[in-house]
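What follows is a short report on a single structure.
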Amino acid sequence: MNDPAAARTEPARPRQVPERHRQPEGPRRRARVAVLVRAALIATGLVTVYYVLPLDGRSTGGTSALLVCGLLVVVLVFWWEVQAITHSPFPRLKAVEALAATLVLFLLLFAGTYFLLEHSTPGSFSEPLTKTDSLYFTLTTFATVGYGDIVARSQTGRVLTMLQMAGGLLLVGVAARILAGAVQAGLRRRGHEPSEDSSSRPEG
């Protein structure tokens, strides 16, 4: 006959992941390397496109349209990446790749917008901007460093800078939370973690 007191004092055993759901270490290691390589290639490719793409000769209205279309592309890419995470055999690794792609695309979009604004409306910033200067200003704004050597002078430039600040906060806060939720959904789909319903159901 079982002793109820002994059963209460018996330490809870950690939940074991079924053997059929465990990923072999070899494929996992190769997946890590593949994700890092893909993330580096995506970032390198986007930066290359930024420097190669001709961005001169646009009006302020064209610059605004480019920014709106670009932000829409960022949202669509992010949504596609979230769906890919939930169906990936390695959701955490896929989330790293998704965040890298979304972040680089977001930063390059604003860098290109600042460059176009300065060329269509000279004097929008404290000094003429090259593409490298625009990327530098974008990164310092995103990192909240704000060295002060390049500042927005025109109202349009300051509005765009505020939009980038707000978008950066959303990307770090809301987007990161969505990615974390997608990772959890992907893990539950493959049985690595119990769903909320099964974890709350009392054992018979």
Checklist entry - Which one of the conditions (1) farther than 15 Å from ILE178 by Cα; (2) crowded, with 18+ Cβ neighbours inside 10 Å; (3) at pLDDT 80 or above does ALA100 fail to meet, given that it meets all the rest? => result (1)
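Could you tell me whether GLY26 is more than 30 Å from ALA185 (Cβ to Cβ) and at pLDDT below 80? Quick ask: steps written out before the conclusion?
Details: more than 30 Å from ALA185 (Cβ to Cβ): no; at pLDDT below 80: yes.
No; evaluated as a whole, the condition is false for this residue.
Can you tell me which residues in the range 113-142 are touching a Lys or Arg at 6+ places or on another chain (Cβ under 8 Å) and closer than 11 Å to THR63 by Cβ?
Of all residues in the range 113-142, those touching a Lys or Arg at 6+ places or on another chain (Cβ under 8 Å) come to 115-116, 119-120, 123-126.
Listed by number, the residues that qualify are PHE115, LEU116, HIS119, SER120, SER124.
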Checklist entry - With respect to LEU187, is the statement that it is surrounded by 15 or more Cβ atoms within 10 Å (Cβ to Cβ), assigned to a helix (DSSP H, G or I), in contact with a helix residue (DSSP H, G or I) (Cβ under 9 Å, 6 or more places away or on another chain) and at pLDDT 80 or above true? => result no
Checklist entry - Taking into account only those residues within the range 121-157 that are open to solvent by 50 Å² or more (accessible area, probe 1.4 Å) and in a helix (DSSP H, G or I), which is nearest to GLY173 (Cα to Cα)? => result PHE142
Next on the checklist: Kindly evaluate PHE106 against the criterion of being under 30 Å from VAL183 (Cα atoms), open to solvent by 50 Å² or more (accessible area, probe 1.4 Å) and touching a helix residue (DSSP H, G or I) at 6+ places or on another chain (Cβ under 6 Å).
Outcome noted: no
Checklist entry - What single numbered condition from (1) open to solvent by 40 Å² or more (accessible area, probe 1.4 Å); (2) closer than 19 Å to PHE142 by Cα; (3) in contact (Cβ under 8 Å) with a residue 60 or more places away in the chain fails to hold for PHE78? => result (1)
Checklist entry - Looking only at the range 49-80, which residues are modelled with pLDDT of 80 or more and either over 23 Å from THR113 (Cα atoms) or among the hydroxyl-bearing types (Ser, Thr, Tyr) (or both)? => result TYR50, TYR51, TRP80
Next on the checklist: From the list LEU46, LEU41, exactly one residue is more than 30 Å from THR121 (Cα to Cα) and either at pLDDT 70 or above or among the polar types (S, T, N, Q) (or both). Which is it?
Outcome noted: LEU41
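The values are calculated or read from the model by the stated rules, or taken from the named source; none is laboratory data. Quick caveat, the model's predicted, so the values are computed rather than measured. Neighbour counts are summed over all protein chains in view; Cβ atoms, including those assigned to glycine, are modelled from backbone coordinates with ideal geometry. Accessible surface areas use protein heavy atoms only, side chains included; no ligands, DNA or RNA. Shrake-Rupley method; radii C 1.70, N 1.55, O 1.52, S 1.80 Å.
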